[in-house]
1. Please give the helix 327-339 orientation as an angle from the longest Cα principal axis of the chain, in degrees from 0 to 90, rounded to the nearest 10.
2. Cut-off is 10 Å between beta-carbons; in what order do His47, His89 appear when sorted fewest neighbours first?
3. Please work out whether the range 186-268 counts as rounded, prolate or oblate from its C-alpha gyration tensor, where a ≥ b ≥ c are the square roots of the eigenvalues and a/c under 1.5 means rounded, while otherwise a/b larger than b/c means prolate and anything else oblate?
4. Spelling out what I want: for every residue of the range 204-210, take phi, set θ = phi - 60°, compute 6.51 cos²θ - 1.76 cosθ + 1.60 (Karplus), and round to whole Hz; glycine and proline get x.
5. Is the C-alpha gyration tensor of the range 1-122 telling us rounded, prolate or oblate? Criteria: a/c under 1.5 is rounded; beyond that, a/b larger than b/c is prolate, otherwise oblate.
6. Enter the Cα centre distance for the pair the range 332-379 and the range 177-193, rounded to the nearest angstrom.
7. So what is log10(I(q)/I(0)) for the range 173-358 at q = 0.08, 0.12, 0.15 1/Å, when the Debye sum runs over its Cα atoms only?
8. To the nearest µm²/s, what D does Stokes-Einstein give for the range 111-173 at 25 °C and 0.890 mPa s, using the Kirkwood radius over alpha carbon pairs as Rh?
Amino acid sequence: MRIGFYAPLKPPDHPAPSGDRRIARLFMAALRGMGHDVILLSDLRSHNRDGDAAHEAATAAAGAAEVTRLLAAWRDNPANRPDLLFTYHVYHKAADYLAPALKAETGLPYVIAEASIAPKRKDGPWATGYAQAARAFEMADALLAITALDRVCLSTFAGAGKVTLFPPFLETGLFMTSATQRSDHRRMLAERFTLPVDRPWLLAVGMMRSGDKLASFRRLAETLPLVADRRWQMLVVGDGPERAAVESAFAPLGDRTSFLGQLEPDRLPALYAASDLYIWPAVNEAYGMALLEAQTAGLPILSVRTRGVPDIVRHGESGWLAADDQPSSLADGLRMLLDDPALLRKLADGAPRNVATNHAMPAAQMRLGAIFQRLGLPS
């Protein structure tokens, strides 16, 4: 099957790395691994961060031009026309101005992955983007909700029959291989970054940018002093425009925090495998791919029981989820896990099992195949 793929928030070939770009690429890889021919429909980016009306109008106009271009190209060469329109990540800040119009003209089946709707955005700065996203949800034949919370909201809007819970996924190979080499990785990383080997390594990985990421780093920095009487070393990985603010937040911890900078993606599995606990407050985050990566490498999670985190971290099985992201709640969880090595080992054993069963590429491909079969398409 020929699949026309589109990612309005950030194209999969965008030069700036991000979680969104990575997940778009994972969906393309999953579809290609199933034997489908996946083509990128357009690089048009519809992201409207601030709800600017002129920006939204310009995006709508650019979208209409792209629709005209694509329809003309398909008329000139029908072999290039896809059998399915597949859009990744649609919401009020990144509406789909392509696939709804293409479906209206051609009748092609239309699937949206990572669809989410926030009714409170129906009015206000993002009203136009909300309306266009809502139109896309109404026209789509299937909506894939990444979290249970998104599924509830989408089902209320579009009907439960159209919505499928589709957990985030990743390619597990390098992470699982690293898990079998924990001792070697720990020794090499200790030498490279001058890390103490006689205390548990706590790890946090994130882009150092304003907003929720910076808020999470600050919340973590507020948590650790509450557990200063326990033995641990905090490893912080990442970089970005707010690095100085992050370093300032952790400054009171002195040499108990090690800043490792930004690491290439292929170096992260070794770090996950060598560490003892991944800790992240996940302030306002939908779920967090790093939480999946860490578990795949055998690293248990300490995070929060909010939004989409419980969809990917199984409380008491692959990690421990505090009731909220307040420092006192996270500190209680951290203290308990540091004081109970048997529980920490149990969570470490359960973490890769959770990913292999629920979040690995084959599981995602099976779910996609079932959705295509339901739509009467080749799987």
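Only the coordinates and a few stated rules stand behind these numbers; no lab work does. Keep in mind the model is a prediction, meaning the values are calculated, not measured. Methodologically, a virtual Cβ is constructed for each residue, glycine included, from the backbone with ideal geometry; neighbour enumeration extends over all protein chains shown.
1. With rounding to tens, the tilt is 60 degrees.
2. Ordered by Cβ neighbours within 10 Å, fewest first: His47, His89.
3. oblate
4. 9, 10, x, 6, 8, 10, 5
5. In terms of gyration-tensor shape, oblate.
6. Spelled out, the Cα-based centre of one part sits 24 Å from the other.
7. One equal scatterer on each Cα of the range 173-358 leads to -0.21, -0.49, -0.81.
8. Calculated translational D: 202 µm²/s.
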